[in-house]
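The values are calculated or read from the model by the stated rules, or taken from the named source; none is laboratory data. Just so it is clear, the model here is predicted, and its values are computed rather than measured. Counting neighbours? That spans all protein chains shown, and the Cβs are built from the backbone with ideal geometry, glycine included. Areas reflect the complete protein model, heavy atoms only, side chains present, ligands, DNA and RNA absent. Shrake-Rupley method; radii C 1.70, N 1.55, O 1.52, S 1.80 Å.
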Amino acid sequence: MLLGPPGAGKGTQARMLETQLGAPQVASGDLLRNAVREKSALGLEAKGFMDKGALVPDDLVLKLVDARLRERDAQTGFILDGFPRTVSQAETLAKMLDARGEKLDRAIALGVPDEEIIKRISGRRTCRDCGAMYHLIYDPPRNLNLCNSCNGELYQREDDAEDTVRMRLQVYAASTRPLLEYYERLGLLSLVDGIGRTEEVGNRILNALGRGTKPAAAKGTA
Ligand code: AP5
């Protein structure tokens with residue numbers, strides 16, 4: 001499970017880990033954005049919360065995550081990205097895993113300071129077609145508005161406006177950061193410094209999972 005504030009690099013790292021661990025990324029934000037794009041009843045209800053930078057009500061998120069985890073590719077493991085987001089979601093997840101005879105291996109909390117988060121989010125561009133992610137400065141596409149992989153249009157997420165990002169940071173501090181203590185108490189938490197090249201951060205995560213080949217992980221705050 002990847003925890004951390006908005007823009008900490010959870011999605012970037014989850015996609016890299018998919019190949020290394022052979023397990024699919026299950027990102028609640030992506031599931032919600034798909035539901036919004038499809039204009040499903042759930043998506044239309046969720047949109048108002050997402051546009052404000054607020055959390056979407058648990059019942060809607062849980063419905064999507066539960067359905068995703070029942071898919072075939074998630075039967076032998078998965079990488080959670082952005083879920084759970086509250087202690088109540090974490091308790092529900094524990095019950096869901098228990099019912100499947102599974103357990104959480106590790107909660108990785110990526111630590112990135114707020115000023116870096118604002119830079120990362122304001123430069124983020126995402127492909128409308130394949131979901132590939134870029135950063136205008138740190139990982140620029142070859143062509144400003146087009147995806148390197150599929151030539152799809154690159155767009156900026158609606159909730160990435162600066163005011164909404166500040167609201168998302170407040171929501172993280174109030175509702176999600178308490179999860180660090182929750183997983184610490186369960187002996188499952190690893191704090192990983194999210195600053196550095198994406199490959200460096202990825203190696204720290206693999207080390208925290210006991211799968212790395214490099215020296216011990218650096219510590220950080222989330
Ligand atoms: P969600 O989509 O989960 O957004 P988030 O948690 O705010 O995280 P982000 O996707 O913004 O960032 P990230 O950490 O994945 O960073 P990324 O890899 O993209 O949620 C959106 C909304 O949906 C929520 O506000 C809420 O309304 C709702 N929601 C979702 N889950 C919910 C839940 N469980 N319960 C209730 N509501 C829920 O990286 C960011 C940028 O930085 C990119 O441009 C990337 O290229 C760049 N970058 C990444 N790593 C590095 C690096 N090491 N160095 C330099 N740049 C980097």
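Applying the criterion of being polar (S, T, N, Q) and at pLDDT 95 or above to the residues of the range 17-30, the residue that is farthest from the ligand (Cβ to nearest atom) is Gln25. Using the structure shown, decide if Asp81 is of a type in the set (Asp, Glu), closer than 24 Å to Leu189 by Cβ and open to solvent by 20 Å² or more (accessible area, probe 1.4 Å). When the stated conditions are applied, Asp81 does not pass them. Scanning the range 133-188 for residues that are of a type in the set (Asp, Glu), more than 13 Å from the ligand (Cβ to nearest atom) and surrounded by 12 or more Cβ atoms within 10 Å (Cβ to Cβ) returns Glu153, Glu184. Checking each residue in the range 114-129 for being open to solvent by less than 60 Å² (accessible area, probe 1.4 Å) and of a type outside the set (S, T, N, Q) picks out Glu116, Ile117, Ile118, Arg120, Ile121, Gly123, Arg124, Arg125, Cys127.
So, in the range 5-16, of the ones that are within 6 Å of the ligand (Cβ to nearest atom) and in contact with a Gly (Cβ under 8 Å, 6 or more places away or on another chain), which residue ends up nearest to Thr198 (Cα to Cα)? The selected residue is Gly9. Does the range 31-46 contain at least one residue that is surrounded by 14 or more Cβ atoms within 10 Å (Cβ to Cβ), within 9 Å of the ligand (Cβ to nearest atom) and over 15 Å from the mean Cα position of the chain (by Cα)? Yes, the range 31-46 has at least one match.
Of Val87, Val56, all but one fail to be assigned by TED's automatic domain parsing to the domain that holds Gln170, near the ligand (Cβ under 10 Å from one of its atoms) and of a type in the set (Val, Ile, Thr); the exception is Val56.
If Thr221 passes every condition in (1) touching a strand residue (DSSP E or B) at 6+ places or on another chain (Cβ under 7 Å); (2) at pLDDT 90 or above; (3) polar (S, T, N, Q); (4) surrounded by fewer than 19 Cβ atoms within 10 Å (Cβ to Cβ) but one, which one does it miss? Going through the list (1) touching a strand residue (DSSP E or B) at 6+ places or on another chain (Cβ under 7 Å); (2) at pLDDT 90 or above; (3) polar (S, T, N, Q); (4) surrounded by fewer than 19 Cβ atoms within 10 Å (Cβ to Cβ), Thr221 breaks only (2). Restricting Gln13, Gln25 to those that are buried (at least 19 other Cβ atoms within 10 Å of the Cβ) and under 24 Å from Leu60 (Cα atoms) reduces the list to Gln25.
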